[in-house]
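Encoded as structure tokens, the structure appears first; notes follow it.
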Amino acid sequence: MFLPTTPQELTAPPDFVLVTGDAYVDHPSFGVAIIGRLLQSHGYSVAVLAQPDWRTTADFTQFGKPNLAFLVSGGNIDSMVNHYSVALHKRKTDAYSPGGVLGKRPNRATIVYGNKIRESYKEIPIILGGIEASLRRLAHYDYWDNAVRRSILLDSSADLLVYGMGEHQIIEIAESLASGLAVEHLTFIKGTVFKTKTLDFLENPQILPSFKAIKEPGKKSKLEYAKSVIIQHENVKKGENSDILVEEYGNIFVVQNPPAEPLTTAELDRVYSLPYERNYHPKYESEGGVPAIEEVKFSITSHRGCFGGCNFCALGYHQGKQIQARSDKSILAEAEKFAKDSEFKGYIHDVGGPTANFRENPCESPCKRHCLAPKPCKNLRYNHKPYIKLLRELRKIPKVKKVFVRSGVRYDYVLNDPLGGDFLRELCEHHVSGRLKVAPEHVSENVLTAMGKPDFRDFLRFSEKFDEVNERLHKSQYLVPYLMSSHPGCDLADAVKLAEYLKSTGHMPEQVQDFYPTPATISTCMYYTGLNPYTLQKIYVPKGQKEKAMQRALMQYRLLENYELVKKALTRAGRTDLIGHDERALIRPRKGKKIETRKPPKKSAKRPRKKL
Ligand code: SF4
């Protein structure tokens, strides 16, 4: 039975009203479903307020004043990312809304909902959670405002913010509030951010640059901003050894406690064994359902956390570096449930996590360094055996025809594992649907350094092995490389290098992924400050829409509509040698158009790879 979504389903005010920017989908891939079911399993009554009308207070007061608190989430992805493309154009659809229709949640949903609740109830505790709040927990560069914004805790009139996945925190908060503690006294809970007027009660907090020091767009301010970002990112990687961080806002401080303990396997198993309906609420049926369920309905989350450390990804900053894995027993039980579902056609869509083949912690004691790039750390452990064993068990379940691995596979981790070959064979033989998506992201050394990604030669080695294995299996399967344009550190010459590589392989990406400066990533800090926060050295940032368009066009240089952009890019990069008729050429000169062709550039001596 779904959690109540109308007052009629309740006999008394609930303990918690769970407000979300998404339609109500009762599935463990939706943070709100997990938090709601977890609280219910601890005896709390919860009502779900999905996509309330934010123009009035009516929806927010329909359940009456909850006994303990309002819990607010912007949804499964940041509402601004959900609404706008990287070119700042409004998107056309919204997979997290009924019928995929846009416009069911406001921009900056967490802030709007928090303030609407405060307008409705002056006193009630408001607790923020979810990815939007988690990544905006401290001052952050906002691409849509093109400015540094305050902690979302201050802009949303809320009292407390939960960062990360939130299971430990929400139960500790519930028990504290239920015991009568006032929300302003909840300053001790790991994995939360609170505000205070005094620091006297804190032990050895680390003071970050103040909001005043980082908000101005000037050089000095940007330097302070970059310093703050690196302290925050390195701090979260230290897990339980992390410090308390303090950000000053004049007469008030925003304080981040160390991250919550990672869930144990038993705790994670319990979270995934809760009685989810594994579907969207039936009230959306008449609107065509909620498209986002398709991707996850027959997918299994086998673990959380990632130690990949890609600079354009905020997952480590949200979920942490430590891997939290479910037991095989729990995963097999979920798959057996699929077999009983009338809609199940025998295909398990995915078994994975942030990175499919990261199912164990990188080593005994996580540290703030990068585990894999530019070079794998000597302490890094490799082990694909448990994953292979799990996939074999899943294949044996009656009615399961095929188990796919669609989560990203880190190929450098496979390459460096002495037994990685066994995993690759298993993957190609049983779990790939003709094509395997992997993310080299670029070919150019200095771009990969800025991304925190492995050397491109690792990708070439992996694709050779992939082809060898498929040949032996008599299968024609191929790799689909994810590639990104306009990442900080990538200038036109680098973009041309990528185009030359694509030319040499004959591969043309169906889609071009343009770097998107989403909240709280290291790369977004590079984008905003023009500095590499690890080295505080200057870094080139392609910002102008023209150059970004040229970089995108180069990745699809064969498209006729890209001809002029590609020609302009090659001219600007001094690579008109690639306009011609020889096999290296990306485009042909057009009739009657005189092109001043240049010789190809000399191969420059190999530059030593800079340490991150
Ligand atoms: S593997 Fe190396 S870099 Fe990664 S956490 Fe362990 S010691 Fe740190």
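If the Cβ limit is 6 Å and pairs must be 6+ apart or interchain, which residue in segment 378-393 that is part of a loop (DSSP other than H, G, I, E, B) pairs with which residue that is open to solvent by 60 Å² or more (accessible area, probe 1.4 Å) and within 16 Å of the ligand (Cβ to nearest atom)?
These pairs meet every condition: 383/360.
Of the residues 19, 32, which single one is open to solvent by less than 40 Å² (accessible area, probe 1.4 Å), part of a strand (DSSP E or B), under 18 Å from residue 131 (Cα atoms) and not charged (D, E, K, R)?
On the way: 32 fails: part of a strand (DSSP E or B).
None of the other options fit; the residue is 19.
Which of the residues spanning segment 58-109 are out of contact with any Phe, Trp or Tyr (no Cβ under 9 Å at 6 or more places or on another chain), open to solvent by 30 Å² or more (accessible area, probe 1.4 Å) and part of a loop (DSSP other than H, G, I, E, B)?
Within segment 58-109, 62, 87, 89, 92, 93, 95, 101, 102, 103 qualify.
Just the residues that are among the hydroxyl-bearing types (Ser, Thr, Tyr) and touching a helix residue (DSSP H, G or I) at 6+ places or on another chain (Cβ under 8 Å), please, taken from segment 316-348.
Just the residues of segment 316-348 that are among the hydroxyl-bearing types (Ser, Thr, Tyr), to begin with: 317, 327, 330, 342, 347.
317, 327, 330 - these are the residues of segment 316-348 that are among the hydroxyl-bearing types (Ser, Thr, Tyr) and touching a helix residue (DSSP H, G or I) at 6+ places or on another chain (Cβ under 8 Å).
Quick test of your reading of the structure: residue 362 fulfils all but one of (1) modelled with pLDDT of 95 or more; (2) within 15 Å of the ligand (Cβ to nearest atom). Name the failing condition by number.
It fails just one condition, (1).
Whether any residue in segment 419-441 is open to solvent by 30 Å² or more (accessible area, probe 1.4 Å), away from the ligand (no atom under 16 Å from the Cβ), within 26 Å of residue 276 (Cβ to Cβ) and hydrophobic (A, V, I, L, M, F, W, C) is what I want to check. Steps first, please.
Filtering segment 419-441 down to residues open to solvent by 30 Å² or more (accessible area, probe 1.4 Å) leaves 419, 421-422, 425, 429-430, 433, 435, 437.
Subsequent filtering for residues that are away from the ligand (no atom under 16 Å from the Cβ) retains 419, 421-422, 425, 429-430, 433, 435, 437.
Still in the running and within 26 Å of residue 276 (Cβ to Cβ): none.
No, segment 419-441 contains no residue that is open to solvent by 30 Å² or more (accessible area, probe 1.4 Å), away from the ligand (no atom under 16 Å from the Cβ), within 26 Å of residue 276 (Cβ to Cβ) and hydrophobic (A, V, I, L, M, F, W, C).
Does at least one position in segment 193-208 carry a residue that is more than 29 Å from residue 29 (Cα to Cα) and part of a helix (DSSP H, G or I)?
Here is the first cut: in segment 193-208, the ones more than 29 Å from residue 29 (Cα to Cα) are 195-208.
Still in the running and part of a helix (DSSP H, G or I): none.
Scanning segment 193-208, I find no residue that is more than 29 Å from residue 29 (Cα to Cα) and part of a helix (DSSP H, G or I), so the answer is no.
Any chance segment 311-327 includes a residue that's small (Gly, Ala, Ser), closer than 30 Å to residue 486 by Cβ and either in contact with a Leu (Cβ under 8 Å, 6 or more places away or on another chain) or open to solvent by 50 Å² or more (accessible area, probe 1.4 Å) (or both)?
Of all residues in segment 311-327, those small (Gly, Ala, Ser) come to 314, 316, 320, 325, 327.
Now drop any that are not closer than 30 Å to residue 486 by Cβ, which leaves 314, 316, 320.
Subset that is either in contact with a Leu (Cβ under 8 Å, 6 or more places away or on another chain) or open to solvent by 50 Å² or more (accessible area, probe 1.4 Å) (or both): 314.
Yes, segment 311-327 contains a residue that is small (Gly, Ala, Ser), closer than 30 Å to residue 486 by Cβ and either in contact with a Leu (Cβ under 8 Å, 6 or more places away or on another chain) or open to solvent by 50 Å² or more (accessible area, probe 1.4 Å) (or both).
Applying the selection to segment 491-544, what residues are open to solvent by less than 40 Å² (accessible area, probe 1.4 Å), out of contact with any Phe, Trp or Tyr (no Cβ under 8 Å at 6 or more places or on another chain) and of a type in the set (S, T, N, Q)?
532
Can you give me the number of residues within segment 365-404 that are among the hydrophobic types (A, V, I, L, M, F, W, C) and within 16 Å of the ligand (Cβ to nearest atom)? Even if it seems obvious, please write down each step before you answer.
Start the filter on segment 365-404 by keeping residues that are among the hydrophobic types (A, V, I, L, M, F, W, C), which leaves 367, 371-373, 377, 380, 388, 390-391, 394, 397, 400, 403-404.
Now narrow it down to the ones that are within 16 Å of the ligand (Cβ to nearest atom): 367, 371-373, 377, 380.
Qualifying residue count, segment 365-404: 6.
Pairs needed: first member in segment 572-585, closer than 12 Å to residue 504 by Cα; second member anywhere, β-branched (Val, Ile, Thr) and surrounded by 16 or more Cβ atoms within 10 Å (Cβ to Cβ); C-beta distance under 9 Å; at least 6 residues apart or different chains.
Note: pairs meeting the criteria are 585/579.
So is residue 41 within 20 Å of the chain's Cα centre (by Cα) and on the phi < 0 side of the Ramachandran plot or not? Full working, then the answer.
Details: within 20 Å of the chain's Cα centre (by Cα): no; on the phi < 0 side of the Ramachandran plot: yes.
The answer is no for residue 41.
Is there any pair with a first residue in segment 277-288 that is within 11 Å of residue 23 (Cα to Cα) and a second that is among the aromatic types (Phe, Trp, Tyr) and open to solvent by less than 80 Å² (accessible area, probe 1.4 Å) whose Cβ atoms are under 6 Å apart and which are 6 or more apart or on different chains, and what are they?
Listed pairs, sorted by first residue: 281/2; 281/24.
The values are calculated or read from the model by the stated rules, or taken from the named source; none is laboratory data. Bear in mind the structure is a predicted one, so any value in this text is a computation, not a measurement. Cβ coordinates were reconstructed from backbone atoms using ideal geometry, including for glycine residues, and neighbour counts include every protein chain displayed. Please note that ligands, DNA and RNA were not included when accessible areas were found on the heavy atoms of the full protein model with its side chains. Shrake-Rupley method; radii C 1.70, N 1.55, O 1.52, S 1.80 Å.
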